[in-house]
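The values are calculated or read from the model by the stated rules, or taken from the named source; none is laboratory data. Here the structure is a predicted model, which is why all the values come from computation and not from measurement. With ideal geometry, Cβ positions are generated from the backbone for all residues, glycine too; neighbour counts draw on all protein chains shown. Just the protein is used for accessible areas: all its heavy atoms, side chains included, with ligands, DNA and RNA removed. Shrake-Rupley method; radii C 1.70, N 1.55, O 1.52, S 1.80 Å.
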Amino acid sequence: MEIEPATLGKSRLFARGWSWLKALPARKFKKVVEAAKSIKQLGQDDPRRVIHCLKVGLALTLVSLLYYCKPLYEVFGDTGIWAVLTVVMVLEFTVGATISKGLNRGFATLFAGALAIGTEYFSRLFDRKAEPIVLGVLLFFLATTSSFTRFIPRIKARYDYGVMIFILTFSLVSVSGYRTENLLEMAHHRLSTIAIGGATCIIMSVFVCPVWAGKDLHNLTASNLEKLANYLEGFGGEYFQADPDHEEEGITITASKDDKALLQGYKSVLNSKNTEESLANFARWEPGHGGFHFRHPWNQYLKIGALARQCAHLIEVLDGYINSDIQPPPEIRNKIRESSTKMCLELSQALRALVSSIKTMTDPSAADPHVKCSKTSINDLKIALEAASELENVDLLAIIPIASVASILTEIAKCVERISELVHELSLLAYFKSAATSDQQEPAGSGLHRGSVRPVLDDDSDRTITIIVQATNV
């Protein structure tokens with residue numbers, strides 16, 4: 001018995017549909033599992049996110065008592081909703097962001113409310129027909145002027161939220177006040193509930209597991225420099241591949257082929273500008289905490305970050321030569337291997353010393369010897385390039401890639417030197433501790449005595465011999 005083509009097509013379509021329906025629960029379950037894993041990973045990457053969510057829930061629960069608690073509701077009435085809205089809009093992840101928004105909202109509401117009440121009473125000096133015209137003209141003028149100030153870079157960076165709240169509050173109070181009799185009472189209740197909501201946010205942010213924007217900026221700066229150091233440390237092993245036939249004695253090349261992600265960490269430095277500027281802006285609002293005093297030199301971190309990004313751009317160009325299709329001959333590459341590897345290691349150690357200085361907030365003088373050695377390596381690299389160009393039977397075009405690598409390494413060395421200078425300036429402005437202070441302090445009762453003895457010499461020299469005597473218990 002033959003089956004008609006139409007019937008066969010319908011049966012196949014039905015079979016496909018039935019298979020899709022059977023597999024649908026499994027696919028949906030797989031997506032739910034993947035979503036749950038991503039959410040879990042998000043919380044594990046930074047547990048402070050979970051704590052922040054709990055803080056928001058607790059703050060909202062507290063201010064909602066203005067509605068739920070009857071005695072409080074009888075005092076504030078429906079204006080209690082402004083406390084809830086303030087918590088939703090003001091409570092941010094970092095202390096600086098919360099204080100910034102809280103103060104901007106509080107002062108903007110106060111000034112806008114006072115100005116709106118003033119314009120309301122001023123408009124009542126005119127007759128009833130002219131009153132809405134006066135209010136409309138004043139509203140147009142203040143809204144236009146305030147909106148224009150939001151384009152001023154300094155105001156936009158620090159007070160944009162406050163200007164927006166100023167426009168909103170002035171518009172609401174001036175427009176609604178035209179039909180309201182008890183305007184002062186309404187403004188008083190609204191300002192009070194906003195102050196309660198703002199105070200709740202600031203207290204919750206500062207005293208309950210605070211997240212400091214200044215500390216995050218401090219750690220981000222150190223982390224970015226460390227990523228640059230990781231790349232420079234592993235560059236020698238990537239570019240100058242180990243070659244038994246051409247390996248020179250006494251040269252140790254650290255290959256990092258098994259850790260590609262570590263070498264590619266510099267790419268995150270390229271996109272750190274917005275984060276750094278945002279953290280620096282919020283850090284200015286924060287009170288002194290830990291080793292960061294009030295009016296800490298946060299701008300210095302932005303200068304260091306700008307140079308770190310400049311160095312990362314150079315590294316990005318340098319990274320392109322590793323997997324380039326045009327590679328110089330091994331004999332030319334080996335000519336600059338020693339000087340280039342030495343320079344990379346010195347620059348890496350200099351950056352690591354600066355990272356350690358920033359993290360521990362101690363004097364960065366430990367990086368100075370490495371910076372000086374990198375300068376010496378620049379001269380060695382130039383000599384090596386000249387030696388490579390004098391090789392017999394060498395095409396000058398083959399030297400161009402290796403010369404480009406040497407030029408980029410030289411620019412990176414200069415960039416690291418400028419970073420070192422900025423970190424030294426930061427240590428002075430931020431009152432970093434001296435690294436040698438703790439080492440020079442001698443504990444009491446250690447039995448260590450110092451003395452100076454001037455020996456009798458035949459000539460008239462003033463040499464002094466210092467003798468240190470340490471008592472030991474037998």
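Using the alpha-carbon positions of the range 369-430, Rg (one decimal) and Dmax (whole number) come out as 16.0, 57 Å.
Counting protein heavy atoms only, the range 337-418 has 54 percent of its accessible area on carbon and sulfur, 1.4 angstrom probe.
Highest mean first, the peptides 136-142, 334-340, 158-164 sorted by other C-beta atoms within 10 Å per residue fall in the order 334-340, 158-164, 136-142.
With all protein chains present, how much of the accessible area of the range 85-209 (probe radius 1.4 Å) comes from carbon and sulfur, to the nearest whole percent?
Working: 4950 of 6650 Å².
Accessible surface attributable to carbon and sulfur in the range 85-209 totals 74 percent.
Listed by chain and number, the lysines placed with their C-alpha closer than 26 angstrom to that of Lys372 are Lys227, Lys303, Lys335, Lys342, Lys359, Lys382, Lys414, Lys433; residues fewer than eight positions away on the same chain are left out. Once the chain from His188 to Arg154 is taken as fully extended at 0.36 nm per residue, the excess over their C-alpha distance is 9.1 nm.
Can you tell me the order of 123-129, 196-202, 171-177 when each peptide is scored by its average per-residue count of other Cβ atoms within 10 angstrom, highest first?
Details: 123-129: 10.7, 196-202: 22.4, 171-177: 18.4.
Top of the packing list down: 196-202, 171-177, 123-129.
Label positions at Leu270 and Asn299, each projected 7 Å from the Cα along the C-beta direction, are separated by 3.0 nm. Packing, taken as the mean count of other beta carbons within 10 Å per residue, orders the peptides 112-122, 214-224 from highest to lowest as 214-224, 112-122. Converting the Cα gyration tensor eigenvalues of the range 112-247 into ellipsoid dimensions via √(5λ) gives semi-axes, longest first, of 58, 21, 8 Å.
One quarter of the surface of the convex hull around the alpha-carbon atoms of the range 327-398 equals 5.4 nm², the direction-averaged projected area.
The stretch between Glu316 and Arg179 holds 43.0 nm of extra length on full extension. This uses 0.36 nm per residue minus the Cα-Cα distance. Rg and Dmax of the range 278-334, both derived from C-alpha coordinates alone, stand at 20.3, 60 Å. Solvent-accessible surface of the range 106-162, averaged per residue with a 1.4 angstrom probe and all protein chains in place: 66 square angstrom.
Summarising the label geometry, the points placed 7 Å from Cα in the beta-carbon direction at Cys69 and Ile39 lie 3.3 nm from one another. Can you work out the base-10 log of I(q)/I(0) for the range 37-133 at q = 0.11, 0.12, 0.22 1/Å, using the Debye formula on its C-alpha atoms alone? Cα-only, vacuum Debye calculation for the range 37-133: -0.56, -0.63, -1.10.
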